[in-house]
Amino acid sequence: MDEFLTDESTYRVRLPIFEGPLDLLLYLVKKNEYDIFDIPIAEITRQYMDHIEIMKVLNLDIAGEYLVMAATLAHIKSRMLLPPDRAEDQEQEELDPRMELALKLAEYERFKDAARQLDEFDILLRDVFLRGGRMVLETEDEKLTDLTLFELVAALQKVLLAAPKETIHQISIGELTIQERMVELSQMILERGEMVFEDLFLEEPSRMAIVLTFLALLELIKDRVVRIYQAQPFGTIRLFRAVTEDA
Amino acid sequence: MPDAVEKEKLIGIIEALIFASEKPLTEDEIKRIVPDVSPREIRGALSDLRKIYDESSGGIFVVEVAGGYQFRTRSEFSEYIKLMLEEKPKRLSRAALETLAIIAYRQPVVRSDIERIRGVDSGGVVKILLERNLIRILGKKDVPGKPLLYGTTKDFLETFGLKDLKSLPTIREMGALFSEGDIEEQKTLFTTNDKNKT
């Protein structure tokens, strides 16, 4: 944590969105041009923990999987320091302690590549279209359904993708108050009664501000001040003033 | 068999049928409608029809998808179509594409396998893919807990313009460093580790 507190308590934040611990690890392997099967564990563990710390500082809810991976990395690191244990099964001992992780990363990378290939296909209703009519039939009336956190995060990703990329922001700790943003947001939604998710971010120039707004929104949903609905998967997300139980 | 339908006319008939069909038109359906022509003639006419569209600089082409044939607009004109259609195209997130890729190549597959490969909880993504009808439940795996088995749908093939599952691009295999047996062994190792974790 201390190494993040640089001059005058400012942070340098550069945070791509990762799909999980393997995605983060693979990113680090590629960035450093390591061989998946010969990863310098001590160094990658340090960089991995750096990222986790940034996520903690941002108060992001770090999925348990990230912490399990941190423990795995620490375990591998310690095993690499130990001399081989003669008492244990000989065959097991010959395995590089990093092998399990390397195979996992290699397998994940294969499917990540496969996903990228799929994305390059001419996708129906994105790149190629059918004769009219059918599309009209499929546009159903907006049926409001509750949505999961995942869909909300997916919506956040969309907003983040639209935001200027890879900018580095200098933010002092004093400005990092979700509380203030919560008050602003709840007032906005209470006044208007209904808002579209994307409209929350119209005035946010930086990724940091977007994340802050998003976290504030999550708090409001948790506190049951705001309710969110979506007509269909990936459709417009609408925010409503939550009706109080006794109203 | 008498040559009842001329080739030119057959191409025209097939073109009209594909145009009017709601779903990708199959060769069997053409055969049912024009019973006097042989499957070979149908395939020849289809191939000629595709060539006609491929060689023209028009806005549409014939694609062989999900076991049938269909007209689609060329991808180079997608921007114009998006301007016309008011609805925004439905995008698939990276998580959804990753999960879909795993299901497509590994089907039938259970959720825990998907999560083992991705290293994260994938329940939400699987739900979205089910809702968008890109995947379906194939059954239950005969192991303790009877987890659901997932596979891709016909809509998946149509969405990605695939003739069948065999036309999925082959994915890069693991390094030649390991024999398949080693990898299998490692996999069982992971599975037992996963079990110990929970």
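The values are calculated or read from the model by the stated rules, or taken from the named source; none is laboratory data. These numbers were taken from a predicted model, which means no experiment stands behind them. Glycine gets a Cβ as well: all are built from the backbone with ideal geometry, and neighbour counts include every protein chain shown. We work out accessible area using only protein heavy atoms, side chains counted, and drop any ligands, DNA or RNA first. Shrake-Rupley method; radii C 1.70, N 1.55, O 1.52, S 1.80 Å.
Of these, A:L130, A:L161, A:L118, which one is open to solvent by less than 90 Å² (accessible area, probe 1.4 Å), modelled with pLDDT of 75 or more and not in a loop (DSSP other than H, G, I, E, B)?
Checking each option against the conditions leaves just A:L118.
Looking at region A:225-247 only, could you name the residues that are open to solvent by 20 Å² or more (accessible area, probe 1.4 Å), within 18 Å of A:A154 (Cβ to Cβ) and at pLDDT below 80?
Selection gives A:Y229, A:Q232, A:P233, A:F234, A:T236.
Test of understanding: among B:K127, B:K146, which residue is away from chain A (no Cβ under 13 Å) and more than 16 Å from A:F111 (Cβ to Cβ)?
Of the residues listed, the single one that is away from chain A (no Cβ under 13 Å) and more than 16 Å from A:F111 (Cβ to Cβ) is B:K146.
Could you check region B:65-76 and list, in sequence order, the residues that are within 14 Å of another protein chain (Cβ to nearest Cβ) and open to solvent by less than 70 Å² (accessible area, probe 1.4 Å)?
B:V65, B:A66, B:G68, B:Y69, B:Q70, B:F71, B:R72, B:T73, B:R74, B:S75
List pairs: first residue in region A:108-120 and more than 7 Å from chain B (Cβ to nearest Cβ), second residue assigned to a helix (DSSP H, G or I) and buried (at least 17 other Cβ atoms within 10 Å of the Cβ) anywhere in the structure, Cβ distance under 8 angstrom, at least six positions apart or on different chains.
That search, which allows pairs on different chains as well, returns A:E109/A:L26; A:E109/A:I36; A:R116/B:L97.
From the list A:L67, A:L95, A:L105, A:L81, which one is closer than 28 Å to A:L218 by Cβ and either at pLDDT 90 or above or surrounded by fewer than 17 Cβ atoms within 10 Å (Cβ to Cβ) (or both)?
A:L67
Looking at region B:2-20, which of its residues are part of a loop (DSSP other than H, G, I, E, B) and β-branched (V, I, T)?
B:V5 - this is the single residue of region B:2-20 that is part of a loop (DSSP other than H, G, I, E, B) and β-branched (V, I, T).
State all residues of region B:134-153 that are assigned to a loop (DSSP other than H, G, I, E, B), out of contact with any Lys or Arg (no Cβ under 8 Å at 6 or more places or on another chain) and more than 14 Å from B:A104 (Cβ to Cβ); if no residue qualifies, say none.
Across region B:134-153, the qualifying residues are B:K141, B:D142, B:V143, B:P144, B:G145.
Scan region B:79-124 for residues that are within 7 Å of chain A (Cβ to nearest Cβ), touching a residue at least 40 places away in the same chain (Cβ under 8 Å) and either surrounded by fewer than 22 Cβ atoms within 10 Å (Cβ to Cβ) or aromatic (F, W, Y) (or both) and jot them down.
Hits for region B:79-124 are B:K90, B:Y105.
Only residues that are open to solvent by less than 30 Å² (accessible area, probe 1.4 Å) and in a strand (DSSP E or B): list them for region B:21-64, please.
B:L25, B:V62, B:V63
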